[in-house]
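The values are calculated or read from the model by the stated rules, or taken from the named source; none is laboratory data. Note that the structure is a prediction, hence the values are computed from the model and not measured. Don't worry about glycine lacking a Cβ; one is built from the backbone with ideal geometry, like all the others, and counts go over all protein chains shown.
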Amino acid sequence: MKREESQPIGYVLKRYPRLSETFILNEIRAMERLGTKLHIFSLMRVEGSLVHPTVDEVQAPVTYFPARWLWAAFAVVKAHAEMAVWAPSRYLHSVLLALWWSVRSRRPLSVWKQFLRSGYVASGCREHNIRHLHAHFANAPATVARLAGVMGNIPYSFTTHAKDLYLTPKKVMRRRISSAKFVLTCTRHNLQYLRSFARPEDLSKIHLVYHGIDLAEFTLPPTAGEIGVNGGNDGDAPLILSVGRLVPKKGMADLISAFHLLMRRGVRFRSVIVGEGPLREQLEAQIGEQGLRDRVMLAGAMAHDRLVGLYEQASVFALAPHITQDGDRDGIPNVLAEAMAARVPVVSTSVSGIPELVEDGRTGLLVHPRDPEALADAMERLLGNPALRQKLALAARRRIEGGFECWETAKALQKLLPIGVSA
């Protein structure tokens, strides 16, 4: 057993740490608190200097690819040569897999990019005595984990979320499910989709594990004013908070249009939208065109400790996701669960797995996607009804406590991993 305890689980991530992936950070922290030894492989370097403070709690070492291309090329060639000499038959198997996938892929260069990465990860697994690889996202990280696992004779698993699931061809997903030890997904909606095309013999591999929230970060006392009627100074207009990357599927343009309707109706409010992304200029222009500059602020990216402070000030949390033309969508946005944990009444759309978390009229309000008028109606209803805000906020907090606490959800993953037991 001592040998098992010295063998960590390898986590393969596209980029670590990442502001928009607090759910992965929470899982890693929870797994470590449960006694699981981890080693993180990040396929890309940290983007910017802004990180969540709880990153400092993570004990796992992180292996990054070398930053300079010349050194990276040398390191990758060295790693591949090492794996080819150490296990020539398995290495050849991985080469043939990559060749077969690239022939059938619409993006063959991407396949070979992941192959190069996989040799580096496989070498790292050998160096650190990794016994299992778990990838977050079914695209590049899962491909790297699969190929590295073949080279190193290591089982792998992966968690699939939203974009990576719905934008990956079913035949490719079917192949990845078959090769994995197990597969996790974060919504029942995703689970049903996966089971609709997976091979019958692979159905038992697919498991539902919701993203977990660290409730210790949301300790607003129930007696602090009225629950669900958070706010700043008495003279401030009620704050409608939204958090999400500024990308099409988040529906921020619909939300801003709903704010315009609220303004025209004479509703008193202010809004802060936290997040960064390619649509920022377009959304700023929309805010200006609709006369909302004195009411709506795009706050940019924000570390989690500052964001928690905004939750405490908010009277309503609003998010308007929709399914884009290419099929991209959210699963259950983590920020909805965070708002509910912070006792902020939420308004969102009935897309994908969101109704699994937000039950309309009980733990929040749901409207159809791409409907700014319905969104405005729901926000106006909450702003004008403190009793409803309080009722929804209390029920929402109980919902999070009952099924979305990260220390509990991590146990489901831990049970599936080859965790050693103390002697």
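Based on this model, can you work out whether residue 185 counts as in contact with a Cys (Cβ under 9 Å, 6 or more places away or on another chain), surrounded by 20 or more Cβ atoms within 10 Å (Cβ to Cβ), closer than 27 Å to residue 27 by Cα and of a type outside the set (Gly, Ala, Ser)? So residue 185 does not fit the description; no. The selection criterion, being surrounded by fewer than 15 Cβ atoms within 10 Å (Cβ to Cβ) and part of a helix (DSSP H, G or I), holds for residue 99.
Within the stretch 18-42, the set of residues being part of a helix (DSSP H, G or I) and surrounded by 20 or more Cβ atoms within 10 Å (Cβ to Cβ) comprises 22, 23, 24, 25, 26, 27, 28, 29, 30, 31. Remark: residue 67 matches the filter, which requires a residue to be hydrophobic (A, V, I, L, M, F, W, C), assigned to a loop (DSSP other than H, G, I, E, B) and free of Cβ contacts under 8 Å to residues at least 24 places away in the same chain. Being among the aromatic types (Phe, Trp, Tyr) and part of a helix (DSSP H, G or I), is that true of even one residue in the stretch 107-119? Yes: the stretch 107-119 contains one or more residues that are among the aromatic types (Phe, Trp, Tyr) and part of a helix (DSSP H, G or I). So for the stretch 76-91 (the condition being touching a Pro at 6+ places or on another chain (Cβ under 7 Å) and either surrounded by 14 or more Cβ atoms within 10 Å (Cβ to Cβ) or not in a helix (DSSP H, G or I) (or both)), does at least one residue qualify? The answer is no, given that none of the residues of the stretch 76-91 is touching a Pro at 6+ places or on another chain (Cβ under 7 Å) and either surrounded by 14 or more Cβ atoms within 10 Å (Cβ to Cβ) or not in a helix (DSSP H, G or I) (or both). Just one of the numbered conditions (1) touching a residue at least 40 places away in the same chain (Cβ under 8 Å); (2) touching a helix residue (DSSP H, G or I) at 6+ places or on another chain (Cβ under 6 Å); (3) aliphatic (A, V, I, L, M) is not true of residue 335: (2). Does residue 246 satisfy the criteria of being in contact with an Asp or Glu (Cβ under 8 Å, 6 or more places away or on another chain), part of a loop (DSSP other than H, G, I, E, B) and within 24 Å of residue 333 (Cα to Cα)? Yes: the conditions hold for residue 246. The requirement of being within 25 Å of the chain's Cα centre (by Cα) and either at negative phi or touching a residue at least 24 places away in the same chain (Cβ under 8 Å) (or both) is fulfilled somewhere in the stretch 373-383, by at least one residue. The requirement of being closer than 25 Å to residue 30 by Cβ and surrounded by fewer than 22 Cβ atoms within 10 Å (Cβ to Cβ) is satisfied by residue 414.
Table: residues versus (1) touching a helix residue (DSSP H, G or I) at 6+ places or on another chain (Cβ under 6 Å); (2) in a helix (DSSP H, G or I); (3) exposed (fewer than 14 other Cβ atoms within 10 Å of the Cβ); (4) modelled with pLDDT of 95 or more.
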position: 355; (1), (2), (3), (4): no, yes, no, yes
position: 376; (1), (2), (3), (4): yes, yes, no, yes
position: 389; (1), (2), (3), (4): yes, yes, no, yes
position: 395; (1), (2), (3), (4): no, yes, no, yes
position: 399; (1), (2), (3), (4): no, yes, no, yes
position: 423; (1), (2), (3), (4): no, no, yes, no
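Suppose the filter is assigned to a loop (DSSP other than H, G, I, E, B), in contact with a helix residue (DSSP H, G or I) (Cβ under 8 Å, 6 or more places away or on another chain) and outside the structural domain of residue 161 (by TED's automatic domain parsing); does residue 348 pass it? No; evaluated as a whole, the condition is false for this residue.
Somewhere in the stretch 269-291, is a residue exposed (fewer than 13 other Cβ atoms within 10 Å of the Cβ), under 25 Å from the mean Cα position of the chain (by Cα), without any contact (Cβ under 8 Å) to a residue 24 or more places away in the chain and not in a loop (DSSP other than H, G, I, E, B)? For the stretch 269-291, residues exposed (fewer than 13 other Cβ atoms within 10 Å of the Cβ), under 25 Å from the mean Cα position of the chain (by Cα), without any contact (Cβ under 8 Å) to a residue 24 or more places away in the chain and not in a loop (DSSP other than H, G, I, E, B): present. From the list 299, 337, pick out the single residue that is closer than 24 Å to residue 381 by Cα, touching a strand residue (DSSP E or B) at 6+ places or on another chain (Cβ under 6 Å) and assigned by TED's automatic domain parsing to the domain that holds residue 393. Only one candidate qualifies: 337. Taking the stretch 190-215 as the range and being in a loop (DSSP other than H, G, I, E, B) and under 21 Å from residue 403 (Cβ atoms) as the test, the residues that pass are 209, 210, 211, 212, 214.
For the stretch 16-30, the set of residues classified as at pLDDT 95 or above and touching a Lys or Arg at 6+ places or on another chain (Cβ under 9 Å) consists of 24, 25, 30, listed by residue number. Among the residues of the stretch 27-77, the ones that are of a type outside the set (Val, Ile, Thr) and closer than 12 Å to residue 117 by Cα come to 10 in all. Quick check on this structure: which one of 382, 365 is in a strand (DSSP E or B) and in contact with a strand residue (DSSP E or B) (Cβ under 8 Å, 6 or more places away or on another chain)? Of the residues listed, the single one that is in a strand (DSSP E or B) and in contact with a strand residue (DSSP E or B) (Cβ under 8 Å, 6 or more places away or on another chain) is 365.
In the set 116, 191, 147, 167, only one residue is within 26 Å of residue 66 (Cα to Cα), of a type outside the set (Asp, Glu) and either surrounded by fewer than 23 Cβ atoms within 10 Å (Cβ to Cβ) or without any contact (Cβ under 8 Å) to a residue 12 or more places away in the chain (or both); that residue is 116.
Exactly one residue out of 273, 287 is of a type in the set (Val, Ile, Thr) and over 23 Å from residue 354 (Cα atoms): that is 287.
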